[in-house]
Amino acid sequence: MKGGNIVRTTPAGRVLALAAALTLTLSACGGDAVAGGQDRTILRLALNQAEGHPSYIALQNFSERLEERTDGRVFIDVYANETLGAQAEALQLVSDDIIALAIVSGTQLENLHPDFVVFNMPRVFDDVEHQLTVVNDPAIVGDLHTSLEDGENFTVLGGLTQGSRHLYASRPVTEPADMAGLRIRVQESPLHLAMINAMGGSATPMAYGEVYTAMQSGVLDGAENNEVSFVTQKHFEVAPHLSLTNHLVGLDYLIINSDTLGELGEDDGQAFLEEWETAYLEHAELWAQATEEAVEEARAGGAQFHEVDEDAFTQALEPLQERFLTTPAQQALFDAARAAAGE
Ligand code: GCU
């Protein structure tokens, strides 16, 4: 085994593994199978969401099913709340074989391979169902999902939806002109930076976990995200006006260190892939309900939701396609995704 993302340990050894993961100083490959204890393979997974988020719940259930199916041999340790770092760092840890798995937004991958930009575009997906059809179709995404194996040493296993993303700020917005002067946080993506500027605002890239404080202190006036993050990150407390811009349907990816899956062996590797499939299907089911609950919770907490002039935003966003889809490969992916709309 090349690196340290598979930890073989007993329950007692898990404490050591946890400490190692938190300090990130130990290459954790060394098995510490204590006499009489059963070997366990712990796959550490970095997540930037809180425990109430549907991604956490679906991944936690994934871990439990996998552990049961493999008679305790394989276990996914989900580290929530950016405990292992923000997504840019988590991605590096997977690439460096220090942890096995991470959930990263498509915007992170856009910085590593230009074709990922296609699925980060506004209006590429009509809705969650359309998005999941595309991201689960190997004929469309097969090459893309293996495209980082050589350069970055990780494989994309598939996607979890981020749902529709909207703008929220200290005041309501109904058309692009209302965005003038609003400093809006975006993910670390050139496309999303251009997107908020095209919508009329002033974009500031920042890691997810820093957004609440930045809005609270007035460094930012708002952000753009889905209703679930609006609530689970408590953003509604400091930017209570959510304007339903519906500017894009976002996508998270599960990435795995490319050596790791093979190291699980045939049976446990198969169990891993099958339980991952159950996980992303469960996530899609949880998503709709979590969104409804988030809206209720935000309203109860004083947030307000506003309709917008969607056509005006569509028009403002249109030039992004020409600017960011610049290669035949990108255009082909975009066209394949659009052809799957309404299937
Ligand atoms: C969503 C998404 C995360 C992403 C976050 C963000 O919550 O699921 O992966 O990091 O948006 O805006 O940074």
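What follows draws every value from the coordinates through simple rules; no lab data is involved. Keep in mind the model is a prediction, meaning the values are calculated, not measured. So basically every Cβ, Gly included, is an ideal-geometry build from the backbone, and we count neighbours across all protein chains shown.
This model, with +1 at the C-beta of Lys and Arg and -1 at the C-beta of Asp and Glu, gives the chain a dipole about its Cα centre of some 980 debye. Taking the three principal axes of the alpha carbon atoms in the chain, the coordinate ranges are 68, 44, 32 Å, sorted in descending order. Taking the DSSP beta bridges with both ends in the chain, the antiparallel portion is around 60 percent. Across the range 201-206, coupling constants 3J(HN,Hα) worked out from phi with the 6.51/-1.76/1.60 Karplus curve, θ = phi - 60°, read x, 10, 8, 10, x, 6 Hz, and Gly and Pro carry x.
Out of all Cα-Cα pairs in the range 227-300, roughly what percent, to the nearest whole number, are more than 17 Å apart?
Numbers: 1631 of 2701 pairs.
Beyond 17 Å sits 60 percent of the P(r) for the range 227-300.
In the chain, helices alone account for a calculated mean residue ellipticity at 222 nm of -13000 deg cm²/dmol, with every DSSP H run of four or more residues adding -39,500 (n - 2.57).
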